[in-house]
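Here's the structure, in structure tokens; my notes come after.
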Amino acid sequence: MSANALEIRQLVKRYPNGMEALKSVSLEIGSGEFFGLLGPNGAGKSTLIHCTTGLARPTSGEIRVFGQDAVNNYREAREAVGLAPQEINLDMFLTLEETLDLHGGYFGMTKAARRERSAELLEAFSLTEKRHERTRTLSGGMKRRLTLARALMHRPRLLILDEPTAGVDIELRLELWQYIERINREGTTVLLTTHYLEEAERLCDRIAFINHGQIAAQGTIDELAAQYGVSGLEDAYLELVGRQELSRAHLDGGEL
Ligand code: ADP
């Protein structure tokens, strides 16, 4: 029996200040899918990711990662999850190699396995030459790559990428896409949040729109477009956020 990579049922998250960031969210991501979560700032994306990765405790609802209860039995579930957070949270006093080694150790990898895996990832992300340098000396793009390498260190079956290409230049963005597409083809399930619609369009099999803590729509790009009666992802998104007047189709129609 192959379980879904992620199953979220009626997830509610109310912060102590009373803010209801998630209002009964349900979502299923199949094993091997490349899934996008899109929505404006404040929609609840980070809260959903934090609940899934054990960084925030849901108020109610269920989260299962490959069938494991990620709320009450997080230790089991977290093995399957790799998170590249939006905020780069590297320890600035560790070297690159130490950063990866520490993470592998946290997941119980043997020393030999850690050494082999970190060498492989440093190479894949063009960071080998920097391996003995402290992370604080890295450029922003290199920090971004190291964060992703760290998320992949324990070979997670579900990779969660929270705006991995925010502020990243075009070459690096293409390089990251290529790598992520490859590991997805090799079987890793990916959950991506991004503000770049073209990124979601190129990479994602299915997309969910989230707004005001609720899933407003989900499906393939064609399904989303059909649902909003428009012709592409950008226009569907503009319908979601109520900014149809920004549609390029609208502008091209000469209505200005
Ligand atoms: P997104 O990632 O889509 O920008 P978030 O999940 O960060 O959205 O935020 C959803 C809502 O919850 C926002 O209104 C935000 O202000 C609020 N929020 C997020 N974190 C906290 C917190 N720790 N305490 C109170 N409110 C929060």
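Just so it is clear, none of the values below were taken in a lab; they were calculated from the coordinates. Just so we're clear, the structure is a prediction, and the values are computed from it rather than from any experiment. Please note: Cβ atoms are built from the backbone with ideal geometry, for glycine as well, and neighbour counts cover all protein chains shown.
Here are the numbers for the structure shown:
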read-out	value
Under Karplus coefficients 6.51, -1.76 and 1.60, residue-wise ³J(HN,Hα) of the range 225-231 in Hz, glycine/proline x	4, 5, 4, 9, x, 10, 10
Cross-link reach list, lysines versus Lys111, counting only Cα pairs under 30 Å and skipping chain neighbours closer than eight places	Lys130, Lys143
Fewest-first ranking of Glu245, Glu28, using other Cβ atoms within 10 Å as the exposure measure	Glu245, Glu28
For the range 74-104 versus the range 12-51, the gap between their alpha-carbon centres in whole angstrom	22
The chain: most fluctuating residue of Arg114, Arg157, Arg145 per GNM, C-alpha cutoff 10 Å	Arg114
Top of Pro58, Pro16, Pro40 by mean-square fluctuation, Gaussian network on the chain, Cα under 10 Å	Pro16
Nearby lysines by direct alpha-carbon distance to Lys23 (threshold 20 angstrom, same-chain neighbours under 8 apart not counted)	Lys13, Lys45
Chymotrypsin sites (Phe, Trp or Tyr not before Pro) restricted to DSSP loop in the range 11-67 with at most 15 other C-beta within 10 Å	none
Cα gyration tensor category, rounded, prolate or oblate, for the range 1-92 with a/c compared to 1.5	rounded
Size of charge dipole - the chain - debye, nearest 20, with Cβ of Lys, Arg +1 and Asp, Glu -1, no other charges	1120
